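Here the structure is laid out as structure tokens; the discussion comes afterwards.
Taken together, the values in this text are just the output of simple stated rules run on the coordinates, not laboratory data. All of these numbers come straight from a predicted model, not from anything done at the bench. Positions of Cβ are generated from backbone atoms using ideal geometry, with glycine treated the same way; all protein chains shown enter the neighbour counts.
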Amino acid sequence: MGSELIFLKLGGSLLTDKTRPQVLRPAVLARLAAEIAAALADRPGLRLLIGHGSGSFGHITASKHGTRGGVRSREEWRGYAETGRAAAQLNRLVVDALGDAGAPALGVQPSASAACHAGELRDLDVRPLRAALANGLAPVVYGDVALDDVRGGTIISTEEIFRWLAPRLAPQRVILAGETTGVLTADPASAATGELIAEITPATLPAVLHVLGGSRGVDVTGGMAAKVTQMVALVQTTPSLAAVQIVSGLQEGLVREVLCDPAVRAGTRISGQRP
């Protein structure tokens, strides 16, 4: 496991207040950056590709302009550019926090090379990411705008980027750090008390999909149900991938712990095998 490659996503609702435009949670970001830097120091051979959601920076702007559904008019293209700027602004804050904590982070802009067809990511240049990983850096991608040969423009989520990169970079694990303890049987924003779903597989996914609500605040990329469905597909199509783990980024020290130890069973585990 010394040269293990991990994809780590920091959720947009974890890093920002997703109910208010462009409101960062600086203390949460600083703590997570310190945990990531500590894990890299603990495991010198660890290769880490980091992604993050756009949170209240990109999602609210994209929702206002309808960017996910297509970009055609002059006003919609202005909205596309505005959304791209907002997403890149959050990426700069994340990369700076990681660098300040001592992690060798390198921001990589997905929209510079991404190409989609009817909302599906069809191309993304992997060469900068391979070079960064080969030279001991931690590239940082993010949910972004993207050109689309049917819609004109659209939005690509971090999970969609991970799905594109996984068969090309062959990670051993994917970790999604969010606000909740994992996938719950009730929407965490509701009054109901949800129970943790500890394991999800392709066989059990249909039975739990109906209880997977959307994410709190504005999310133009589909919320928890879409994320879990994408991750189930990912474990089925990536032979190198042992599991996807969805954990709480609000629990102090947990991100560092799961990065350092693949045996930690916190949160929800998604695998291609029957439990």
Query raised in the report: Under a 5 Å amide H to amide H cut-off, with H placed in plane at 1.01 Å, what residues pair with Cys116 once short-range neighbours are removed?
Result: Arg122, Leu147, Asp148, Asp149
Report summary line: With a Förster distance of 41 angstrom and the Cβ-Cβ distance between Asp123 and Ala198, calculated FRET efficiency to the nearest 0.05 equals 0.70
Report summary line: Residue-ordered couplings for the range 6-21, obtained by feeding phi - 60° into the Karplus form 6.51 cos²θ - 1.76 cosθ + 1.60 and rounding to whole Hz (Gly and Pro as x), are 10, 8, 10, 10, 9, x, x, 6, 7, 7, 9, 8, 6, 8, 10, x
Query raised in the report: Where does each of 114-123, 247-256 land if you order them by average Cβ count within 10 Å, highest first?
Result: 247-256, 114-123
**Report entry** Exposure proxy ranking, count of Cβ atoms within 10 Å, fewest first, for Phe162, Phe57
**Finding:** Phe162, Phe57
**Report entry** Estimated vicinal HN-Hα couplings, Hz - the range 105-115 in sequence order (Karplus 6.51, -1.76, 1.60; Gly, Pro = x)
**Finding:** 7, 10, x, 10, 7, x, 5, 5, 9, 5, 9
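In percent, how large is the relative contact order of the chain, given Cα pairs closer than 8 Å and 6 or more residues apart? Numbers along the way, then the final one.
Details: 603 pairs, mean separation 61.6, N = 275.
Here the relative contact order equals 22 percent.
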Report summary line: Between Asp96 and Thr185, the two model label points (7 Å from Cα along the beta-carbon direction) sit apart by a distance in nm of 4.5 nm
Report summary line: Reviewing (1) -0.22, -0.56, -0.81; (2) -0.36, -0.80, -1.01; (3) -0.27, -0.63, -0.86, the figure for log10 I(q)/I(0) by the Debye sum over Cα atoms at q = 0.07, 0.11, 0.13 Å⁻¹ actually calculated from this model sits under (1)
Report summary line: Which residues qualify? For Glu199, with a placed amide H closer than 5 Å and at least 5 residues away or on another chain, they are Arg269
Query raised in the report: By counting other Cβ atoms within 10 Å of each Cβ, how are Trp77, Trp164 ranked from fewest to most?
Result: Trp77, Trp164
Query - Cα gyration tensor category, rounded, prolate or oblate, for the range 1-65 with a/c compared to 1.5 - result: oblate
Query raised in the report: By how many nm would the segment from Ala134 to Thr229 lengthen if fully extended, with 0.36 nm per residue of separation less the alpha-carbon distance?
Result: 31.2 nm
Query raised in the report: Listed highest first by mean packing, meaning other Cβ atoms within 10 Å per residue, what order do 46-53, 64-71 come in?
Result: 46-53, 64-71
**Report entry** Mean Cα-pair separation over length for the range 106-185, i.e. relative contact order, pairs under 8 Å, 6 or more apart, %
**Finding:** 30 percent
